1. What does the accessible area per residue of the stretch 63-153 come to in Å², with a 1.4 Å probe and no ligands, DNA or RNA counted?
2. Excluding GLY183 itself, calculate the net charge of residues whose Cβ lies under 13 Å from the Cβ of GLY183, where each Lys or Arg counts +1 and each Asp or Glu counts -1.
3. May I ask for the distance between the Cα centers of the stretch 120-152 and the stretch 207-282, given as a whole number of Å?
4. What is the gain in length, in nm to one decimal, between HIS254 and THR210 on full extension, counting 0.36 nm per residue of separation less the C-alpha to C-alpha distance?
5. Could you run the Karplus curve 6.51 cos²θ - 1.76 cosθ + 1.60 with θ = phi - 60° over the stretch 347-362 and give me ³J(HN,Hα) per residue in whole Hz, x for Gly and Pro?
6. Using a 1.4 Å probe, how large is the accessible area of THR268, given in Å² and rounded to the nearest 10?
7. Extension gain ARG165-CYS354, at 0.36 nm per residue separation less the Cα-Cα distance, in nm?
8. Spin-label point model (7 Å from Cα, Cβ direction): what's the LEU122 to ASP107 distance in nm?
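The values are calculated or read from the model by the stated rules, or taken from the named source; none is laboratory data. Please read all numbers here as calculations on a predicted model, not as lab measurements. Here Cβ is always computed from backbone atoms with ideal geometry, including for glycine, and neighbour counts include all displayed protein chains. For the accessible areas, the whole protein counts, side chains as well, though only heavy atoms, and no ligand, DNA or RNA atoms are used. Shrake-Rupley method; radii C 1.70, N 1.55, O 1.52, S 1.80 Å.
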Amino acid sequence: MCKRTVRLGIGLPLVLALLVHGFVDQTHECVARPAVPSTRTTPGGALGPAVRPAYDGIIGESPQMAEIFARIDKVAVGDVNVCIHGESGTGKELIARAIHYASPRRDRPLITLDCTTIPEGLMESHLFGHVRGAFTGATEHREGVFALAHTGSLFIDELGELSPRLQAKLLRVIQTREFSKVGGTKPIRTDIRLITATNKDLKAAVAQGTFREDLYYRVAVFMIKVPALRERPEDIPHLVDHFLRRFAGLYGKHITKVTPATLERMLTQPWPGNIRQLENFLEQAVVLAEGDTLTERDLFSGDFSSVAGPALSGLFEAGLPLSEVERRHILRTLHKALGNRTEAARLLQISVRCLQYKLKAYGRDVAATAGSDLGLVPSQQSLRG
């Protein structure tokens, strides 16, 4: 959270105030590394006073974000189970990472399991691992996320998608701190800090009988509610600045600002896809834009709803050379992996050596562009199926 908080309404007065304070034409980002004081540059270029450090990748100066930073501060020091609730695209995983990297377990693994990406038949194996021969296709022993996260933190994303049968098994592990692999009989001790996230109302799910009440009270010892982007429009200028700098560097553009009319229109959008939609929206605009300033034509000339999801047709428009399509895809994947080349190579299904060769061939500092200068926490170990 930055010391100065913007508390202005939506409309032309807000845009004018943002222009005065340099949010449209000046680089003005509210991102700091944990436990490291930061300074900001005033519109005149002089360094301002040090501000309270926030958390890498989490951007915002609104009262709602100030409350989230305060709750992260309080919960990070212990081992209490945390449940993060919010709509899709609001940054729940960033908050989970912030909690882990501000905790005493920061030097231990952070393992992520996304319940929406793994088929029901394989979920138990991903959770607890399996022994060789446990089922058809189990040709070797495999560790599950509870074993991989031992002594660290386990982040289970979209917990509400877990089946009732696996909810019962998860509850038992939380209670006993023991589990057995699929097909195995030996109990295995686990020492993890559990962080979960959901876009569902788990209390309502309990009332409907689709989520276990006893599990709810085990995972939701400490709740963090993440506001939708439409509930904190004063943070949009900070997010726009952050994403503009990121994508301008990623795609070799020199775009540094948006016009006042464009920002005004962005402030009035409902953003049903939240920060993820805004991010995709700006990425597509940066790819297609000419000049150093984004205009309404750059951002709103196409179908606004088409950028609500991850697919960005503008990135791979017809007529691009295949080598350019590959380059863009590799850089986007490296960005998604927060600059972690090993993780990026895994996602691309190529060797790290092959990835390094391709990056070198591009002749630019893609490591910095894709990750290390984005104000993001160190990349976490991830298991997504």
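1. Heavy-atom accessible area per residue stands at 41 Å².
2. Local charge sum for GLY183: +2.
3. 34
4. 10.8 nm
5. Here the 3J(HN,Hα) series is 5, 7, 6, 10, 6, 4, 4, 5, 4, 4, 5, 5, 5, 5, 5, 6 Hz.
6. Around 80 Å² of this residue is reachable by solvent.
7. Between ARG165 and CYS354, full extension yields an extra 63.8 nm.
8. Each label point lies 7 Å from its Cα, and together they span 3.5 nm.
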